[in-house]
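Note sheet for the following structure.
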Amino acid sequence: MNPLITLALQFAPDVARAFAGDKGGRVAASVTDAVAQAAGTSDAAAAQIALAQDPAKLADLRIRLAQIAADAETQRRANELDELKAQIADTENARATFAELAKSGNVVGWAPVIVSIIVVTGFFVILAWLIVREPGLTGDSSVLQLVNITIGALTAAFATVVNFWLGSSHGSRIKDQLSAALQAQSAASGAGRTAAALGAHSARIDAAVDALNARTSQAPAPVPPPRPADLAPPPAAPTTAAQPPTASDADARFERSVTLVLELEGGYVDNPADPGGATNMGITLDTLRAWRHDPSLTAQDVKTLTEAEAKQIYRANYWDVMRCDDLPAGVDLSVFDFGVNAGPSRSVKLLQQLVGATQDGIMGPNTLAAVATKQPVPLIESFADGRLDYYKSLSTYSTFGRGWTNRTERVEQEALSMAGA
């Protein structure tokens, strides 16, 4: 199965019903496109990270999947209606054909009448015989078996006769009415599902925005211009630009950085007023469910989360995504912590703005090359200023500003220490 479809089923299990009868693969293609568009990538691993980190993207995906499911249900009902129309048309055509043959004097035209008389007569004769002879048949199992087969065949034949003479006429009268009713029901069902999905997920988006403003806000904000030190060319004297780190050095820097992040994020909390729900070491229930691929996890699983697993999540979802291993010491911590607090894309965009790279939120070779032209210490200071300006642009700064400022200053001090300042 396409991994993007598996991802869709993980976040919206109800969409599985849309795959019933999807012989042409239309639903599968629609679901795949929906996941790629909502996550902004066709790579399953990257899409999972994007959806786990951004509640707005996840809500958008669920709305898209709800619409796909509604459309599939509408198509299924339309197919059923077409089949019913075809059955009614077949019966009507048969009656019309035999009627024309009878009018022209052809004996074949009387075949339905003769067969119907035989079947109806036989049905009632056998039924009456069973009523009269039933006490004498109970002792012979072979006779009873034969009688059951006979009465079953006659019952089916009788039903066919009734349908031929009465059902088709009745179907002819109600066909248009049935068509309109089914279409209206189908449209109402699809619209109802979509409206319900839109309403529910709009509420989720509103809750997510409130939570993000307080913890990991994704609201757009102006990024400050680089300091003059960043715009000036590097001095002729040897700079403090870091050389590409070794594997052991990168691991040590991650361990130092994630240790500070865990300290800043704190332990287990489950505040009913927090839309993010149960959180431990900064890891929410939704993030843990996505990480373990298990939507049945509860707050208790978050509470028992180990520090080792939390570090794995931070490395995979943030450190590796932003390629912090390839950043200079100190700059890696600044980018990492802001990515944890406000989202990887926003953190990378701030860094790209400061080094003059294209602001696409992706830490690629061009961004890394631009970072390499800057001295780590001034870059760390400019990044801290930009981070504070971002927080000040939020409507919740008056409430949470002191905490954000303290965290930014603490990270800046540690980053400067890592850079050797």
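Brief remarks on what is shown
- The stretch 304-342 residues near the modelled residue 268 label - backbone nitrogen below 15 Å, point 7 Å along Cα→Cβ: 304-310
- Percent RCO, i.e. relative contact order, over the stretch 318-395, from Cα pairs under 8 Å lying at least 6 residues apart: 29
- Computed lengthening from residue 114 to residue 385, 0.36 nm per intervening residue step minus Cα-Cα distance: 87.9 nm
- Per residue, the solvent-accessible area of the stretch 249-367 (1.4 Å probe, heavy atoms of protein chains only, all protein chains present) comes to 40 Å².
- Surface share of carbon and sulfur [accessible, 1.4 angstrom probe, percent] for the stretch 301-421: 46
- Each label was represented as a point 7 Å from its Cα along the Cα-to-Cβ direction; for residue 45 and residue 368 these points are 1.5 nm apart.
- For the stretch 342-421, the square roots of the Cα gyration tensor eigenvalues, ordered a ≥ b ≥ c, give a/c of at least 1.5 with a/b no greater than b/c, which places it in the oblate category.
- Relative contact order [Cα under 8 Å, 6+ residues apart], the stretch 287-350, whole percent: 20
- Members of 303/349; 311/392; 303/392; 349/374; 57/374 lying beyond 27 Å, as alpha-carbon distances in this model show: 303/349; 311/392; 303/392; 57/374
- For residue 358, distant residues with modelled amide H under 5 Å away: none
- Contact order relative to length of the stretch 257-380, as percent, for alpha carbon pairs under 8 angstrom and 6 or more apart: 17
- Calculated FRET efficiency for the pair residue 128/residue 106, C-beta based, R₀ 35 Å, to 0.05: 0.50
The values are calculated or read from the model by the stated rules, or taken from the named source; none is laboratory data. Please read these numbers as outputs of a predicted model, since none were measured by experiment. Positions of Cβ are generated from backbone atoms using ideal geometry, with glycine treated the same way; all protein chains shown enter the neighbour counts. Remember, those area values only see protein heavy atoms, side chains included, never the ligands or the DNA or RNA. Shrake-Rupley method; radii C 1.70, N 1.55, O 1.52, S 1.80 Å.
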